[in-house]
Amino acid sequence: MNTRSTVNSLLIAFGLACLITGVLLFFNIKNFYIKTIHEWDSIVFGAACLAHCVLNGKPLLTYLKKPCVRIALLVLLIFSVVVCMTVPRKPHPRPGMAPYTQQQGTVPAAPAARRP
């Protein structure tokens, strides 16, 4: 089996796993294992995508010169910006605090001491 076949097989396997866990997360079917598998799958999938682009550089550059591909990439960029700008952020559970971000393992800062 050559390098391209190996990379393509990794892309298919980890892409499907990332797709399945992503759909589960989207529909709020969440647990520690699904989230962890999705995160690590995404890292391996990204590395496989990068390897695929390096191994297929010339055909990729030729493909990117087509106007329809450039239009599709522009639509994707605009869609991504619109989604990022319109998704509401969850308010912090305590009023007056910064917007809530779901970070695991962080401890909130203690309130400032009051001076008499």
Members of the stretch 19-71 that are more than 25 Å from residue 7 (Cα to Cα), aliphatic (A, V, I, L, M) and part of a helix (DSSP H, G or I)
24, 25, 71
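When you scan the stretch 57-92, how many residues do you find that are touching a helix residue (DSSP H, G or I) at 6+ places or on another chain (Cβ under 9 Å) and not hydrophobic (A, V, I, L, M, F, W, C)? Let's see the steps before the verdict.
To start, the set of residues in the stretch 57-92 that are touching a helix residue (DSSP H, G or I) at 6+ places or on another chain (Cβ under 9 Å) comprises 60, 63-64, 69-70, 73.
If we keep only those that are not hydrophobic (A, V, I, L, M, F, W, C) as well, we get 63, 70.
Count: 2.
Just need a number here: residues in the stretch 1-14 that are of a type outside the set (A, V, I, L, M) and crowded, with 16+ Cβ neighbours inside 10 Å.
The first filter runs over the stretch 1-14 and keeps only residues of a type outside the set (A, V, I, L, M), leaving 2-6, 8-9, 14.
Remaining after also requiring crowded, with 16+ Cβ neighbours inside 10 Å: 8, 14.
Of the residues in that region, 2 qualify.
Taking only the stretch 26-54 into account, find how many residues are of a type outside the set (D, E, K, R) and surrounded by 15 or more Cβ atoms within 10 Å (Cβ to Cβ). Explain how you work it out, then say what you get.
Within the stretch 26-54, the subset of a type outside the set (D, E, K, R) is 26-29, 31-34, 36-38, 40, 42-54.
Now narrow it down to the ones that are surrounded by 15 or more Cβ atoms within 10 Å (Cβ to Cβ): 34, 37-38, 42, 44-45, 48-49, 51-52.
The number of residues fulfilling the criteria is 10.
Taken together, the values in this text are just the output of simple stated rules run on the coordinates, not laboratory data. Worth saying up front: this structure is predicted, and the values here are computed from it rather than measured. Ideal geometry is used to build each Cβ from the backbone, glycine not excepted, and the neighbour counts take in all protein chains shown.
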